[in-house]
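The values are calculated or read from the model by the stated rules, or taken from the named source; none is laboratory data. Just so it is clear, the structure is predicted and the values come from calculations on it, not from any experiment. Here the Cβ positions follow ideal geometry from the backbone for every residue, glycine too, while neighbour counts run over all protein chains shown. SASA here: full protein model, heavy atoms, side chains in, ligands and nucleic acids out. Shrake-Rupley method; radii C 1.70, N 1.55, O 1.52, S 1.80 Å.
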Amino acid sequence: MPATSQSRQHRRRRTYRLVAAAAGLATVGALAAALPSAASAGENKGKPGGQAPGRYQDVQLLSFNDLHGNLEPPSGSSGRVTELQADGTTKTIDAGGVEYLATHLREARAGNKYSITAAGGDMVGASPLISGLFHDEPTIEALNKLDLDVTSVGNHEFDEGAKELGRLQNGGCHPTAGCYTDEEFEGADFPYLAANVLNEKTGKPILKPYWVWKKKDVKVGFIGVTLEDTPGVVSAEGVKGLKFKDEVETINKYAKVLQKQGVKSIVALIHEGGLPASASYNYDCDSPGAGDGISGPIVDIAKNITPQVDALVTGHTHAAYACTINDPSGKPRTVTSAASFGRLYTDTTLTYDRWTGDIARTAVASANHVVTRTVPKATDMTELIAKWNTLAAPIGNRPIGYISADIPSTGTESPMGDLIADAQLAYGKELDPETDLALMNPGGVRAGLTYAAKGTEGDGVVTYAEGFTVQPFSNTVNLQDFTGAQLIQILKEQVSGSNAASPKILLPSTGLTYTLDMTKSGADRVVADTVKLNGTAIDPAATYRVATNSFLAGGGDGITTLGLGTNDLVGGDDLAALQQYLTANSSATSPIAPPVTNRITIVQ
């Protein structure tokens, strides 16, 4: 029988017994700055400045980000990290998988009574089949077993909209798929924080904006936000009815709220990140000076967040770093990110000052650690994976096509992206024979296809599970009409405006060719007179029928002209279009070869 709400609440673990204030709760009294008793002195750690024992307590903060439902060890480059060696060379290490992540976190916590585990968003969304097929219920179950205390939302938490996010938080069976097992889904044992995500009608956060961890007389507050530009990287339907506020303003606002409640030790969980100068997880991004080795949005955010916040746990860019960036007062503050897919975790020591209730920032130490696969697997995670794999196997193991070699998803023009665009063009022509071309967004290509078998299917066989990993978003394939002038403008918007610093190069279907001159800047990078369809120059006055997924059709990735198309036709699922293309165009004796990436001529 499904578990009742009462029994689900009864089984909630210690997290909610430790919860302090959240939005709407009555303001608590100011904290007393009491010294610890002699009996507790043995739990106290470092004594900055030579102060007497009992004043300081080290609090362990373990964190990770951008798990994306990767319960099983990720394959290929997604399952590796690069380590910088003492002699300047690099070494590649296989990493990730929740069976190993659980073991590493549990070993790190062992014997530590003051340990918190937090995350920086994108725990779900764009997930492999084992989680995505079940609307990410398996990942929430895994995070509960990991003893995650708190996480911010990320942009991918909105892939299926705010109502589905609320279900992941609170539990209940899926509204259309129903219950996947004989027990009702219990939801997350940890709070999702969404301080800067407001309901447009009420103007209030859709979930808790902050949460307070408490152990004896030690209190640490957490504020969670996602990037303000979430609507630009999520489908319009996913963020319908929501407003996303500025990250800095929101964090500063709730830092004041926590301070008024007597919570002076504060950590911000921010689903926005930076780009270190090196891809090695142990690169020193504070060389030669604090934060000198990192760039990207998180730098300005960190420099403007109030000094009341003691540490920043970040994400979104899938990069690895443990840096210090000066706060507005010029004081160093730790800023961390643990790559993605559970390949790393960050261990940060926050030295809590019982006299002030604040973190002694000069004593903060942080480092990333590899989730190696050389430790024993956590048996409870192995059992969880086996349970969901058994349910997914009848669907996931089904062959949908054949390939002659790896089809990678890397590069400015990736073979996998080209293949998806070709599949959507073929599907578009079935809907409307007048369809001329297709465009695919690079962020929607979540993986490539590998020739080597992952299971018993055989080399070169593409399974439904592999296709799902490539395209997990359940977008539709849409058709729209654009003028030639609009089509050229679309290509220019890939590399200008909000995309000038970090271009979003669309993957074109066969027949569409042009030159991209990266020695120029902004829109000038697209050489307009080279844009051709089947060898003929695009006519600015002519009308072209274009197939895209529903994310792009709404003007996603900052390519706003894609939202101005006319004569709209909404088709079926984009994964189904890829599956249909592979099935129709390949066989065991005649597999598909990787597309040649010559549609975009790139001048460097």
Heavy atoms of Lys520: accessible area, 1.4 Å probe, square angstrom to 10: 100 Å²
Dipole in debye (nearest 20) - the chain, about Cα centre, beta carbon charges: Lys, Arg +1; Asp, Glu -1: 2580 debye
Mean separation of Cα contacts under 8 Å (6+ apart) over length of the chain, as relative contact order %: 15 percent
Region 416-432 - phi-based ³J(HN,Hα) in whole Hz, Karplus 6.51/-1.76/1.60, Gly and Pro as x: 5, x, 4, 5, 5, 4, 5, 5, 6, 5, 4, 5, x, 5, 5, 6, 8
Length-normalised contact order of region 105-188 in % [C-alpha pairs under 8 Å, at least 6 apart]: 30 percent
Trp355 - accessible surface, heavy atoms, 1.4 Å probe, Å² rounded to 10: 110 Å²
Protein-only accessible surface order, largest first, of Cys179, Cys285 at 1.4 Å: Cys179, Cys285
Option label - mean projected area of the Cα convex hull in nm² computed here, alternatives (i) 26.6; (ii) 29.0; (iii) 30.6: (ii)
Nonlocal amide H pairs with Asp358, under 5 Å, H built at 1.01 Å: Asp353
Probe 1.4 Å, all protein chains present, accessible-area order of Val81, Val603, largest first: Val603, Val81
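How much of the accessible area of region 324-410, probe 1.4 Å, is carbon plus sulfur, in whole percent?
57 percent
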Cα centroid separation - region 248-285 against region 479-540, whole Å: 37 Å
Whichever lysines have a C-alpha closer than 22 Å to that of Lys492, once near sequence neighbours (fewer than 8 apart) are set aside: Lys504, Lys520, Lys532
Backbone HN-Hα couplings from phi across region 113-125 [Karplus 6.51/-1.76/1.60, Hz, Gly and Pro as x]: 6, 10, 10, 10, 10, 10, 9, x, x, 6, 5, 10, x
Solvent exposure of the chain as accessible area per residue, Å², 1.4 Å probe: 40 Å²
Amide H within-cut-off set for Met440, under 5 Å, with H built and near neighbours excluded: Leu507
Rounded percent of accessible protein surface that carbon and sulfur make up, region 460-578, 1.4 Å probe: 52 percent
Hz values of 3J(HN,Hα) by residue in region 376-391 - Karplus curve (6.51, -1.76, 1.60), Gly and Pro given as x: x, 6, 6, 5, 5, 6, 4, 5, 5, 4, 4, 4, 6, 5, 4, 6
For region 179-227 versus region 357-396, the gap between their alpha-carbon centres in whole angstrom: 21 Å
Theoretical ellipticity at 222 nm over the chain - DSSP helices of four or more residues, -39500 (n - 2.57) apiece, nearest 500: -6500 deg cm²/dmol
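Given the pairs Lys245/Lys429; Lys208/Lys377; Lys113/Lys163; Lys214/Lys303; Lys163/Lys215; Lys216/Lys240, which span a C-alpha to C-alpha distance of over 31 angstrom in this model?
As for pairs spanning more than 31 Å Cα to Cα, those are Lys245/Lys429; Lys208/Lys377; Lys113/Lys163; Lys163/Lys215; Lys216/Lys240.
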Partners for Lys454 among aspartates and glutamates (Cα-Cα distance below 18 Å; same-chain residues under 8 apart left out): Glu72, Asp94, Asp406, Glu466
Sequence-separation-based contact order of region 471-541, relative, with Cα cut under 8 Å and 6+ spacing, percent: 31 percent
Share antiparallel - DSSP beta bridges, region 501-604, percent rounded to 5: 60 percent
Alpha-carbon spread of region 130-170, three principal axes, descending order, Å: 25, 23, 17
Heavy atoms of Thr176 accessible to a 1.4 Å probe, total area in Å² rounded to 10: 120 Å²
Hits among aspartates and glutamates - C-alpha to C-alpha of Lys260 under 19 Å, sequence gap 8 or more where chains match: Asp217, Glu249, Asp310, Asp353, Asp358
Accessible-area order (highest first, 1.4 angstrom probe) of the listed residues Tyr451, Tyr254, Tyr283: Tyr451, Tyr283, Tyr254
